[in-house]
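Taking it in order: structure first as structure tokens, then the write-up.
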Amino acid sequence: MKIIVVAGARPNFMKVSPFFGAITRYNSQLGLNSESIESLLVHTGQHYDDNMSDVFFRELGIRRPDINLGVGSASHAVQSARIMIAFEPICEKEKPDWVVVVGDVNSTMACTIVCAKMGIKVAHIEAGLRSYDRTMPEEINRIVTDALADMLFTPSEDADQNLLHEGIPEKKIRLVGNIMIDSLVESLPKARSSGVMAEYGLAPKGFVYVTLHRPSNVDYRSSLTAVLDALGYVAKRLPVIFPVHPRTRRMFDEFGLKPKESLLLKFVAPIGYHRSLCLTENARLVLTDSGGLQEEATYFRTPCLTLRPNTERPITVIMGSNRLTNLDSLIQDIDRSLRGPERVGQVPPLWDGRTGIRSLEHLLQASRS
Ligand code: UD1
């Protein structure tokens, strides 16, 4: 069996790593009559900076991509089109049995469309999540990918329900759990010894960890200014650490906003995976608009406020430590959260570190039948 695995942007890397781990394990335990799995890693190059891409490969021990499409940044249409144009000849040449895509970024959708037109089977890991907000580019990517994919690996029961409501046949859906948690569990020892707390002078449960990069929060001067005001307020009581995504940094520059640094309010360059996990585990509060951080905070039971009107990961709110917030109630919600308990919520079922293995087993079964 030949599998191409696609990764393109920062939140993809911790999702492909466990799948490669499962392939390596399978190949090392082969019986006499079984054939090994041949795998290729295609990096689309959607993210390309060292601190948005390479650092994750190093820290997660992911092998070097076999092929890098080098598409870089552009508008959604141009970026997706470049990925499609570059990916099609690879599929023609390699003729994979399966293409595995993860998450909800433009690379996920673009490669799925290519395969659907070529009759190549696609498996989507992290299928079925829906925010029901089509102003989010990721929601469009999720809907298109799930409509076209042949095998849908879901992280939680709500995702199965979303797919069934969209008329996706049940036989395509496999509830396998949250693959990102595989990487988290595996990386914990290294995360805990990353040294990031000492580096920034932070005390356990004594700081707020902030990441914000969604267009809806950072592409408007008014929202970005309101965020900065709120952070200034929080930093009067507790240290705040904010690794700034390149999109957010670009918007600071474009609006001529010069975030005011202080001893308690630090804006730093994007950080790697281990350091981010360590901050999430130790923060008193996470304030974010990232999908992944909502889940990682839930795993650590660290209180999390998500600055969005909705989430495609409702289980993090229903079972986990995540709450939605908005610019009008942000300061109140932060205050309330800081007055509450240090650890909240529960870890959802199947967030157990074995999702990569379960996904590969289902893929092998489907290929045999
Ligand atoms: C993308 C994903 C989003 C994910 C996020 C994580 C889509 C539609 N969005 O959004 O779901 O949460 O990645 O980061 O796929 N840039 C750099 N260096 C890089 C990459 C980007 O400087 O390595 C800058 C460029 O100015 C670029 C901007 O960041 O224009 C945005 O990058 P892009 O990949 O278009 O979208 P993200 O906002 O990162």
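No value in this document is a laboratory result; all are computed from the given coordinates. Because the structure is a prediction, the values reported are computed rather than measured. Note that we place each Cβ from the backbone using ideal geometry, even for glycine, and neighbour counts take in every protein chain shown.
Miscellaneous remarks
- From the list SER107, SER39, the one residue that fits, being surrounded by 14 or more Cβ atoms within 10 Å (Cβ to Cβ), outside any helix (DSSP H, G or I) and of a type in the set (Gly, Ala, Ser), is SER39.
- Residue count for region 115-139, restricted to those that are in contact (Cβ under 8 Å) with a residue 24 or more places away in the chain, within 16 Å of the ligand (Cβ to nearest atom) and more than 16 Å from the chain's Cα centre (by Cα): 2.
- Selection of strands (runs of 3 or more DSSP E) fully inside region 272-369 by the criterion of at least 3 residues being buried (at least 16 other Cβ atoms within 10 Å of the Cβ), of a type in the set (A, V, I, L, M) and touching a residue at least 12 places away in the same chain (Cβ under 8 Å) returns 285-288.
- Of everything listed in (1) aliphatic (A, V, I, L, M); (2) surrounded by fewer than 23 Cβ atoms within 10 Å (Cβ to Cβ); (3) part of a loop (DSSP other than H, G, I, E, B); (4) in contact with a strand residue (DSSP E or B) (Cβ under 8 Å, 6 or more places away or on another chain), the single unmet condition for ALA74 is (4).
- Residues satisfying the stated conditions in region 228-252, i.e. part of a helix (DSSP H, G or I), crowded, with 18+ Cβ neighbours inside 10 Å and within 16 Å of the ligand (Cβ to nearest atom): THR248, MET251
- Among the residues listed as ALA159, ALA191, ALA149, the single one being hydrophobic (A, V, I, L, M, F, W, C), within 17 Å of THR311 (Cβ to Cβ) and buried (at least 16 other Cβ atoms within 10 Å of the Cβ): ALA159
- With respect to (1) within 14 Å of the ligand (Cβ to nearest atom); (2) of a type in the set (A, V, I, L, M); (3) over 18 Å from GLN46 (Cα atoms); (4) not in a helix (DSSP H, G or I), the lone exception for VAL101 is condition (3).
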